[in-house]
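The values are calculated or read from the model by the stated rules, or taken from the named source; none is laboratory data. Given the structure is predicted, the values throughout are model-derived calculations rather than measurements. All Cβ positions, glycine included, derive from the backbone under ideal geometry; neighbour counts span all protein chains shown.
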Amino acid sequence: IERTLSIIKPDATKRNLTGKINAKFEEAGLRVIAQKRIKLSPEQAGKFYEVHKARPFYGELVEFMASEPVVVQVLEGESAITRNRDVMGATNPADAAPGTIRKEFALSVGENSVHGSDAPETAAQEIAFFFSGLELV
Ligand code: ATP
Ligand code: MG
């Protein structure tokens, strides 16, 4: 059993898609074990996406992530990290497989509805970024 950090991004919260996205996770065998709706400051969004600091889209990404509330959540399940990335689909919705969250809901490569951790180390870091031990049972 593994855990991963998921974020339902501003384009999706704005369109009231949290329930539909959570249904995709549940159908894929992932359990939402912690969840909260928060609004990131540009500083917090910048810190979260610090690994992308040198990328040309960094400024746009940070501005987007701080533009509207997001839903941060911890998903649990067998191989949760890869399972979540499979159900999310490719970063660019144009490349995403049918049935994936990004294929069904994402608007563009930037406004792509969800984030998911990409490895065990980043999952642990990203979960700790948003949740305290007391919030995780
Ligand atoms: P995430 O990290 O959000 O789960 P990912 O791992 O599929 O997505 P990354 O390469 O880590 O993709 O990029 C992080 C995020 O930066 C993407 O989800 C997307 O919102 C944004 N992004 C990536 N490439 C571009 C681009 N070419 N133009 C605009 N935004 C982009
Ligand atoms: Mg990534």
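Suppose we keep only residues that are surrounded by 13 or more Cβ atoms within 10 Å (Cβ to Cβ) and either among the aromatic types (Phe, Trp, Tyr) or outside any helix (DSSP H, G or I) (or both) within region 37-67. Which one would you say is farthest from ligand 1 (Cβ to nearest atom)? Top of the filtered list is Lys39. For region 101-114, a residue qualifies if it is polar (S, T, N, Q) and touching a helix residue (DSSP H, G or I) at 6+ places or on another chain (Cβ under 6 Å), and the qualifying residues are Asn112, Ser113.
Identify, from the list Glu111, Glu50, Glu43, Glu63, the residue that is among the acidic types (Asp, Glu) and touching a residue at least 60 places away in the same chain (Cβ under 8 Å). Residue meeting the stated conditions: Glu111. You will find that of Phe64, Phe25, the residue that is within 15 Å of ligand 2 (Cβ to nearest atom) and modelled with pLDDT of 95 or more is Phe64 and no other.
Name the residue that is nearest to Thr4 (Cα to Cα), counting only residues in region 108-125 that are of a type in the set (A, V, I, L, M, F, W, C) and within 13 Å of ligand 2 (Cβ to nearest atom). Selected residue: Ala123. Please state which one of Ala34, Ala96, Ala12, Ala28 is buried (at least 18 other Cβ atoms within 10 Å of the Cβ), without any contact (Cβ under 8 Å) to a residue 12 or more places away in the chain and touching a helix residue (DSSP H, G or I) at 6+ places or on another chain (Cβ under 7 Å). Selected residue: Ala96, the only one of Ala34, Ala96, Ala12, Ala28 that is buried (at least 18 other Cβ atoms within 10 Å of the Cβ), without any contact (Cβ under 8 Å) to a residue 12 or more places away in the chain and touching a helix residue (DSSP H, G or I) at 6+ places or on another chain (Cβ under 7 Å).
Looking at region 115-137, is at least one residue at negative phi, assigned to a strand (DSSP E or B) and either near ligand 1 (Cβ under 9 Å from one of its atoms) or out of contact with any helix residue (DSSP H, G or I) (no Cβ under 6 Å at 6 or more places or on another chain) (or both)? Within region 115-137 (the criterion being at negative phi, assigned to a strand (DSSP E or B) and either near ligand 1 (Cβ under 9 Å from one of its atoms) or out of contact with any helix residue (DSSP H, G or I) (no Cβ under 6 Å at 6 or more places or on another chain) (or both)), the answer is yes, since at least one residue qualifies.
When region 30-51 is filtered for residues that are under 15 Å from Val71 (Cβ atoms), among the aliphatic types (A, V, I, L, M) and within 15 Å of ligand 2 (Cβ to nearest atom), only Ala45 remains.
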